[in-house]
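The values are calculated or read from the model by the stated rules, or taken from the named source; none is laboratory data. Every value quoted in this text rests on a predicted model; they were computed, and no experiment measured them. Here the Cβ positions follow ideal geometry from the backbone for every residue, glycine too, while neighbour counts run over all protein chains shown. Just the protein is used for accessible areas: all its heavy atoms, side chains included, with ligands, DNA and RNA removed. Shrake-Rupley method; radii C 1.70, N 1.55, O 1.52, S 1.80 Å.
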Amino acid sequence: MTGVLRRIDESASERAERLAGLGDRMLKAGSKNDLLDLIDLAFAEPPPEGDPGTLESLGMRYRDQLDEAMGLHERVDRVARKGLPEVWVGDTSVLASDAVSAVSRTVSEMAEAFEGGSRALIVLADAIMEAQRQDGEGRGKLQQALSEMGSDREGFFDELRENDEEEWDRANAAHFASYGVGLMRKAVLAAGEACRVAARDLNKWATEARAGKMDTDELSAVDRLMLADTSNVKGAAEYNEILSAAELERSGRAMENLPPADRARMELLMANASSPQEKAYLMKGLAAGRSVDEIDEFAFKIQGKDPAWLQRHLSPITTQGDSLKDEGTNPDGSSVNIDDQTFNGQKWVQGGDGSEGTCVASSTVTARAMVDPLYALDITGGPSGQEDDPEAFRQRLVEEQHRLHTEGDGGEKWSGMGPEGQERIADDAIGGATGDDYQRRDMNTADERRQALTDVEKAVAEGKPVPVDVRSDDGAHAMTIIGQEGDMLQIYNPWGTTTWVSEDDFINGNMGKASNGELDDAYSVYVPQ
């Protein structure tokens, strides 16, 4: 369904622009025949697509599933509260009590997904119905225009002898027709926006159905459930899940494709891990395309580490539960609610202190660290993986930023990088870990940014960072879109911070909220294909 919604949305702005042009030309038409030709063109425009009845029926079907999910949640929750013996289940030694708690949370998330999907479809059905009604009203005005002046075409000499009454009828008809086309244009835009929002929400709810993403018989259902449920210990659990939807799918597929000996080694590494977080990071390494030899060495380095240590060393971004709260803007236009992203007090910041112009390379380093825990540990823990020194981390971070800056043919004195170099290092560094081909998508208008949003939001909902370039009159800057909740986008700024901006901010030039209030215009994104 979302593929259909995307096709509708992608054509909406073009159709609206075409209708706007027809409306203007109708008012300027020099003859009855010219106006009749334009009305024919307007009638030929397709009405907003979609069957509201079918959409509403699907929405109600999801709502019926919600009732069943809520009943299941109540039953599982009763079991979770009874107190289970400390027994192990699954292939990788999972406590039964932890497994039942994970089932309870998963069923709750499933119920939320059914409710959200139902709401998205019913809202879309209402919006399509209203757009089709408005389109029908517009077509009625076109028909009224034909009634005003008549639908018979004039011959050559008739056109030369238009009297005052005929001229009045034509002008009056032109206003009716132009008004009707304006209604049709509004209907197209409304339907396109409704489809975009529905696609966004349905994509998001699809990624929330996490338990079924890891499709492998090499791990038990309990193990797969626990991996999907595991979050870091700091920040809000729902914003800090270790394995994204795409990583769950990718790691499961990688397990299926391992040679038998490597698969056995991987299962043993998982069984010997001392916490759910440790197991999740091993699978995250597999999702990043790492070999079992590399993961074996990584497992030794993180063996027995507590979850807080793992988060500090392996997750550069922590999202707080109150991070979405709108606390307004500072006098310079930047958001008040901004979180620092640090390792033992040292920010994940370009140049180590924000002074260098390596924003492209620095954004890419952090994005790669988000999706590849082995890469993250190289930077935070050093060769041994055991270091906790913020100054040593800073030196390694800057060295890696400089390496990528050079690889992307960045400017001298660590300043600036062209779009070709940026696309190349995004493709190599981030795409190398996610398995995607990153491609630049330029956005010169609000409509182009709106059209790009569906692909951007789908990517980040799956856990794939999306680099974004912003500019002002005084310069440009590179950041990364790393999350999406409703109509809000989470932005990582390589000044070492994260914050949230709205879709409206992204579309209409208010991206300065994520920086200094000035770098407003988002002009390109690098999207995984």
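Of the residues making up segment 299-326, those that are closer than 30 Å to Val501 by Cβ and of a type in the set (Gly, Ala, Ser) number 4. Highlighted here are the helices (runs of 4 or more DSSP H) found entirely within segment 234-330 that include at least 3 residues which are under 23 Å from Asp427 (Cα atoms) and within 19 Å of the chain's Cα centre (by Cα): 245-257. Against the numbered list (1) touching a residue at least 60 places away in the same chain (Cβ under 8 Å); (2) buried (at least 24 other Cβ atoms within 10 Å of the Cβ); (3) in contact with a strand residue (DSSP E or B) (Cβ under 8 Å, 6 or more places away or on another chain), Ala433 comes up short only at (3). Tell me which residues, restricted to segment 420-448, are closer than 30 Å to Val188 by Cα and modelled with pLDDT of 95 or more. Matches in segment 420-448: Gln439, Arg440, Arg441, Asp442, Met443. Number of residues in segment 342-366 that are more than 17 Å from Gly381 (Cβ to Cβ), open to solvent by less than 50 Å² (accessible area, probe 1.4 Å) and part of a loop (DSSP other than H, G, I, E, B): the value is 4. Checking each residue in segment 331-341 for being within 9 Å of Gly517 (Cα to Cα) and either open to solvent by 60 Å² or more (accessible area, probe 1.4 Å) or aliphatic (A, V, I, L, M) (or both) picks out Pro331, Asp332. Regarding Leu219, is this residue crowded, with 21+ Cβ neighbours inside 10 Å, part of a loop (DSSP other than H, G, I, E, B) and modelled with pLDDT of 85 or more? No.
Checking the stated criteria, Asp67 turns out not to satisfy the condition of being open to solvent by 70 Å² or more (accessible area, probe 1.4 Å) and modelled with pLDDT of 90 or more. Flag: Val456 matches the condition of being in contact with a strand residue (DSSP E or B) (Cβ under 7 Å, 6 or more places away or on another chain), modelled with pLDDT of 95 or more and buried (at least 20 other Cβ atoms within 10 Å of the Cβ). The set of residues from segment 291-313 being closer than 16 Å to Ala237 by Cα and either buried (at least 17 other Cβ atoms within 10 Å of the Cβ) or among the β-branched types (Val, Ile, Thr) (or both) comprises Pro307, Leu310, Gln311, Arg312.
In summary, strands (runs of 3 or more DSSP E) completely within segment 475-529 and bearing 2 or more residues that are within 23 Å of Gln439 (Cα to Cα), in contact with a strand residue (DSSP E or B) (Cβ under 9 Å, 6 or more places away or on another chain) and modelled with pLDDT of 95 or more occur at 475-485, 488-493, 521-528.
Every residue in segment 512-529 that is in contact with a Lys or Arg (Cβ under 8 Å, 6 or more places away or on another chain), touching a residue at least 60 places away in the same chain (Cβ under 8 Å) and open to solvent by less than 40 Å² (accessible area, probe 1.4 Å), please. Listed by number, the residues that qualify are Ala522, Ser524, Val525, Tyr526, Val527, Pro528. Within segment 464-474, being outside any strand (DSSP E or B) and surrounded by fewer than 22 Cβ atoms within 10 Å (Cβ to Cβ) holds for Asp473, Asp474.
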